[in-house]
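**Q** Before we start, here is the structure in question, set down as structure tokens.
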Amino acid sequence: MNNIDIAKTYIKAVQTGDQATLGSTISPDVIWHQPGNNRFSGTHRGMAAVGPMLGKMMEVSKGTFAITRADHYMANGDWVAITIEFAGERDGIQLKQPGVDLIRIEGGKIVEVRLFSSDQTQEDAFWGQ
């Protein structure tokens, strides 16, 4: 598989909750850069840290947080940029906005993830401290 195929497999697994595929596409040593100034922001190293963070995001959003659309996949060497839309609901607060997921792939595995939100203030308010 080329890097765009790996990125598409990753997005589909996120959208469907396919944990086995996520486990096979994301390196156990992944570096995950979560943007903003909220309870999940910062650099998380390794699936031992990333997995629980993602689980907590699903808990806080009562399972509603999702990538609702992935439109364009653009590769440049080891990096793939994906234009997305993500959404969720938490305590009556709606979150829906475009963003970009930037992933770095080495040896067929995602080794680094950088996320970009179009309205970081809204996302920070959604997740809280």
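**Q** Please say if the stretch 21-107 is rounded, prolate or oblate, where rounded means a/c under 1.5 for a ≥ b ≥ c the square roots of the C-alpha gyration tensor eigenvalues, and otherwise the choice is prolate for a/b larger than b/c and oblate otherwise?
**A** On the way: a/c = 1.95, a/b = 1.28, b/c = 1.52.
Verdict is oblate for the stretch 21-107.
**Q** Same structure, new question: Before rounding to the nearest 500, sum -39500 (n - 2.57) across all DSSP H runs of length at least 4 in the chain and divide by the residue total; then give [θ] at 222 nm in deg cm²/dmol.
**A** Taking each H run of at least 4 residues, the total per residue is -10000 deg cm²/dmol.
**Q** With labels modelled as points extended 7 Å from the Cα through the Cβ direction, what inter-label distance (nm, one decimal) is found for Ile93 paired with Asp119?
**A** Once both label points are built, they end up 1.3 nm from each other.
**Q** Please give the per residue accessible area of the chain, computed with a probe of 1.4 Å over protein heavy atoms only, in Å².
**A** Per-residue accessible area for the chain comes out at 51 Å².
**Q** Mind checking the stretch 1-79 for trypsin sites (Lys or Arg not before Pro) that DSSP puts in a loop (not H, G, I, E or B) and that have at most 11 other Cβ atoms within 10 Å?
**A** Taking the stretch 1-79 and a limit of 11 other Cβ atoms within 10 Å, the loop trypsin sites (Lys or Arg not before Pro) found are Lys62.
**Q** While we're on this one: To the nearest 10 Å², what's Thr43's accessible area with a 1.4 Å probe?
**A** Roughly 70 Å² of Thr43 is accessible to a 1.4 Å probe.
**Q** Collect residues whose amide H, placed 1.01 Å from N in the peptide plane, falls under 5 Å from the amide H of Asp18; neighbours closer than 5 in sequence don't count.
**A** Amide H neighbours of Asp18: none.
**Q** Taking the simple approach of a point 7 Å from Cα along Cα-to-Cβ for both Thr21 and His33, what is their distance in nm?
**A** It works out to 2.7 nm between the two label points.
**Q** Using the Karplus equation 6.51 cos²θ - 1.76 cosθ + 1.60 (θ = phi - 60°), what ³J(HN,Hα) coupling, rounded to whole Hz, does each residue of the stretch 30-43 give in order, writing x for Gly and Pro?
**A** Residue by residue, the stretch 30-43 yields 3, 10, 10, 9, 9, x, x, 9, 9, 4, 9, 5, x, 9 Hz.
**Q** May I ask you to evaluate 6.51 cos²θ - 1.76 cosθ + 1.60, the Karplus curve with θ = phi - 60°, for each residue of the stretch 115-129 and list the ³J(HN,Hα) values in order in whole Hz, giving x for glycine and proline?
**A** Each residue's phi maps through the Karplus curve to give 10, 10, 10, 6, 9, 4, 4, 5, 5, 4, 5, 4, 7, x, 8 Hz.
**Q** For the chain, what % of the accessible area comes from carbon and sulfur atoms, probe 1.4 Å?
**A** So the carbon and sulfur contribution to the accessible surface is 53 percent.
**Q** Obtain the nm distance between the two label points defined at Lys8 and Ile67 by a simple spin-label model: each point lies 7 Å from its Cα along the Cα-to-C-beta direction.
**A** Placing both labels 7 Å along Cα→Cβ, they lie 1.3 nm apart.
**Q** Enumerate the amide H contacts of Val30 below 5 Å, restricted to partners 5 or more residues apart or on another chain; note that Pro and chain-start residues carry no placed amide H.
**A** Gly46, Met47
The values are calculated or read from the model by the stated rules, or taken from the named source; none is laboratory data. Note that the structure is a prediction, hence the values are computed from the model and not measured. Because the Cβ atoms are built from the backbone with ideal geometry, glycine has one as well, and the counts that use them run over all protein chains shown. Please note that ligands, DNA and RNA were not included when accessible areas were found on the heavy atoms of the full protein model with its side chains. Shrake-Rupley method; radii C 1.70, N 1.55, O 1.52, S 1.80 Å.
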